[in-house]
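Visitor: Before I ask anything, here is the structure I am working with.
All of the numbers you see were taken from the coordinates with simple rules; none came from a lab. On a predicted model such as this, the values are computed, not experimentally measured, just so you know. For neighbour counting, all protein chains shown are included, and Cβ atoms are generated from backbone atoms with ideal geometry for every residue, glycine included.
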Amino acid sequence: MDELMDDAQSADNGGTTRRTVLQLLGATAGITAVGMGEALAAHSEASDGDGGYALPPLPYAYDALEPAIDEQIMRLHHDEHHQGYVDGANDALDQLTEMRQNDQFDNIKSVKRDLSFNLSGHILHTVFWTSMSPDGGGSPSGSLADALARDFGSVDAAVDEFCAAAKNVESSGWGLLVYDHLADRLLVTQAESHNDLAVQGATPLLVLDVWEHAYYLQYTNDRGAYVDAFWDVVDWDAVGSRYEAVTGADILE
Ligand code: MN
């Protein structure tokens, strides 16, 4: 645990972690190195370097987001829940390897379902940790602010739509701000579970976990208060960097 804390505290919030997420996002969206610069060349902490997945260290201390999100939630959420999705994704890959080796695909539907659920969970949690910062809050700036105003009418309107989406996810899921490469625009979407309602190919820029495990120990059944407190720790700089990195990347050519 101490080793993990040291890793978390020594991580460069604006460098290593951002590069990791950009690399992960690029790989997910099928983006080539074009437009992503050296980001894709760097080893990703969210992968194991051998075709599998790994739990990236939290880029700040477990209690760093208090009072918005308390230490106990962050510790369980990162170390137990996120780790579970990493393990589930790797287990699905192992099962697929075994299927190919045995030329026996009877369980293909359930394993592909497991892969979609767990890998989507891994990706969204990796983006989630770096959507927040102890120095977060405030307002977006630069090209992200311009794009939010362009695509939603105003930054406030975009935040309002995001809040409504997050608060009204049916059961467990996520609120997301994503970049749609096809129309070169931002969209607010919902995810039920981790993978239902996904817009294929859209890159998540800012995500908020609204599974009960993300807030119940602190907020009990008041998801709305948790969603409202999220804006005190949102790392708009990280979201803006992700937006600038993916803007204009044509993944469908
Ligand atoms: Mn979660």
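Visitor: Note the full-extension length gain between Q83 and Q104 as 0.36 nm times their separation in residues minus their Cα-Cα distance, in nm to one decimal.
Guide: 4.7 nm
Visitor: Could you give the nm distance between label points at L197 and K112, where each point is 7 Å from its Cα heading toward the beta carbon?
Guide: Reported label-point gap for L197 and K112 is 2.4 nm.
Visitor: Which residues does a label at E66 reach in segment 207-223, if reach means a backbone N under 14 Å from a point 7 Å past the Cα toward the Cβ?
Guide: Of the residues in segment 207-223, 218 have backbone N under 14 Å from the label point off E66.
Visitor: Oh, and also: I need to check one value: relative contact order of segment 160-240, counting alpha carbon pairs closer than 8 Å and at least 6 residues apart, in percent.
Guide: 28
Visitor: Label-point separation (nm) for D146 and D184, each offset 7 Å from Cα along Cα-to-Cβ?
Guide: With each label point 7 Å from Cα toward Cβ, the separation is 1.2 nm.
Visitor: Right, next: When the dipole is taken about the Cα centre of segment 123-224, and only Lys, Arg (+1) and Asp, Glu (-1) are charged at their Cβ, what size is it in debye, to the nearest 20?
Guide: Dipole magnitude for segment 123-224 comes out near 80 debye.
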